[in-house]
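The values are calculated or read from the model by the stated rules, or taken from the named source; none is laboratory data. Everything numeric in this text was worked out from a predicted model, so none of it was measured. FYI the Cβ positions are ideal-geometry reconstructions off the backbone, even for glycines, and counts take in every protein chain you see. When the accessible area is computed, the model is the full protein with side chains, heavy atoms only, and any ligands, DNA or RNA have been set aside. Shrake-Rupley method; radii C 1.70, N 1.55, O 1.52, S 1.80 Å.
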Amino acid sequence: MDGFVQWMEKHFMPKASVIAAQRHLVAIRDAFVVTMPLMILGALAVLINNLPIPGFPELMDKLFPMIVNDAPIWKSFGGNIWNGTFAIFSILVAFLVAYNLVKSYGKDGIAAGTVSVASFFAVGGLSGTDATGLFIALVIALISGEIFQRLVGNDKLVIKMPDGVPPAVAKSFAALLPAMITISLFSLITSILFGFGIENIVVSFYEAVQKPFMGLANSYPSALLLAFITPFLWFFGLHGANMVEPLMQTINLPAIDANIKALEAGEKIPYIVNKPFFDSFVNLGGTGATLGLLIAIFLVGRKNKPFKIITNLSFAPGIFNINEPVMFGLPIVLNPIMFIPFIIIPMILVTIAYVATAVGLVPAATVIVPWVTPPIIGGFLATKSIAGGVLAAVNLLISVLIYIPFVKVATDQFLKQESAALAQEENTQA
């Protein structure tokens with residue numbers, strides 16, 4: 001492992017450092033860092049509303065029988081928190097990315113963030129304020145930020161106010177014309193797309209991405225593709241799990257129904273690939289098997305203080321397969337060091353689980369287990385077999401082993417940066 005770490009530090013880290021320092025990527029990274037407390041709170045709310053404890057929902061329904069908005073009233077607390085966190089995630093990102101980007105140019109970040117949010121709604125962002133509109137929000141934030149920061153520096157577009165006008169008012173009017181031009185451009189683009197029959201950019205984007213997946217069957221190639229595409233989309237800030245969910249549900253119910261009928265008839269179970277297959281053996285802790293990453297950090301990354309803090313906060317949600325705190329807090333999104341393991345681990349786990357099921361070592365999944373069921377337990381319940389739990393445990397161990405060298409590289413890099421910062425501080429004081 002030391003040889004691999006040395007190779008990574010010599011050949012991979014210099015390039016990764018250049019990428020990580022890129023202005024636009026830094027703006028996105030810092031935006032996700034700011035939203036981390038909200039993501040942790042939202043994740044805990046989801047966990048409370050979906051605790052995989054037998055009898056828990058039924059008990060809560062009896063204690064709090066009132067129904068509000070077609071949902072039990074006891075779920076309203078967590079639902080309200082979700083409305084204030086995940087439900088507005090794209091809006092927050094639209095503001096924060098543009099704010100960070102334009103601020104890095106030394107210009108008015110608050111005005112840029114405001115213009116970005118307005119531009120997001122100008123293209124139909126109202127239908128994608130949660131994670132479904134995240135990709136469009138990122139693109140608009142970056143483009144509107146670049147347009148705005150160029151226009152706001154043009155003296156011909158500055159409305160000069162007379163002396164004595166409060167600075168805040170003068171600053172607002174200085175950004176008036178650049179803001180109007182930027183928002184109008186996005187509105188014009190949206191109107192043009194209307195003419196081509198695209199009624200909503202956010203909805204159309206997801207339809208365009210999801211349609212290629214709809215013809216996939218229950219097979220190893222499809223499983224491998226899903227194992228790749230979900231973390232790949234997540235790495236760039238797209239909620240890969242949500243985007244692939246329609247396909248998973250299309251595959252899931254017919255496959256589970258056929259499996260159950262075959263099991264009752266004493267016949268060979270026909271379908272290996274379904275949603276419980278992924279939830280129980282691949283998404284251990286969430287997309288990318290991030291519970292393995294958290295364990296790897298506990299083992300070899302404790303000296304990395306940011307990693308340690310995020311791991312302590314993320315471990316409890318991670319046990320229940322909620323990994324947004326890791327995705328946006330560590331972060332994994334746009335983190336070049338974690339790109340390789342985050343992408344390849346699900347593909348390896350899919351292969352192991354598929355082969356183990358195909359050769360009969362583990363029964364195929366015939367039970368739809370709640371997605372928040374902890375790993376290993378989920379494997380046991382989905383297959384009604386101890387072998388399913390053992391397979392999940394083996395896959396979890398494999399994910400830990402693969403993550404370890406990358407965590408070690410990230411930790412070594414952090415320690416070097418920390419030492420350099422301390423040395424620079426001592427030189428300054430001297």
- Cα-only Rg/Rh for the range 313-352 with Kirkwood Rh rounds to 1.02
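Which whole-number percent is the relative contact order of the range 221-429 (Cα, under 8 Å, 6+ apart)? Kindly include the intermediate steps, with their values, before the conclusion.
Working: 298 pairs, mean separation 54.0, N = 209.
Across the range 221-429, relative contact order equals 26 percent.
Any of 308/408; 103/308; 103/408; 103/305; 62/384; 103/171 with alpha carbons more than 21 Å apart? Name them for me.
Values: 308/408 13 Å; 103/308 29 Å; 103/408 33 Å; 103/305 27 Å; 62/384 29 Å; 103/171 15 Å.
Beyond 21 Å between Cα atoms: 103/308; 103/408; 103/305; 62/384.
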- From the phi of every residue in the range 332-349, what ³J(HN,Hα) in whole Hz does the Karplus formula 6.51 cos²θ - 1.76 cosθ + 1.60 yield, where θ is phi - 60° and glycine or proline is x? 9, 4, 6, 9, x, 5, 8, 4, 4, x, 5, 7, 7, 4, x, 5, 5, 5
- Message: Below 15 angstrom from the Cβ of residue 101, what's the summed charge of the other residues (Lys, Arg +1; Asp, Glu -1)?
- Response: +2
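Counting only protein chains, not ligands or nucleic acids, how are 267, 199, 146 ordered by accessible area (probe 1.4 Å), most first? It would help to have the intermediate numbers written out before the result.
Numbers: 267 120, 199 155, 146 30 Å².
Heavy-atom accessible area, descending, gives 199, 267, 146.
Roughly how compact is the range 284-385, stated as its Cα Rg over 2.2 N^0.38 Å to two decimals?
On the way: Rg = 14.8 Å, N = 102, 2.2 N^0.38 = 12.8 Å.
Normalised by 2.2 N^0.38 Å, the Cα Rg of the range 284-385 equals 1.16.
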- Query: Rg and Dmax of the range 221-429, using alpha carbons, in Å: what are they?
  - Reply: 18.9, 79
- Given backbone amide H placed at 1.01 Å from N, residues whose amide H is under 5 Å from that of residue 158, ignoring those fewer than 5 places away on the same chain, are none
- Item | Descending principal axes extents, the range 91-134, alpha-carbon based, whole Å | 33, 17, 10
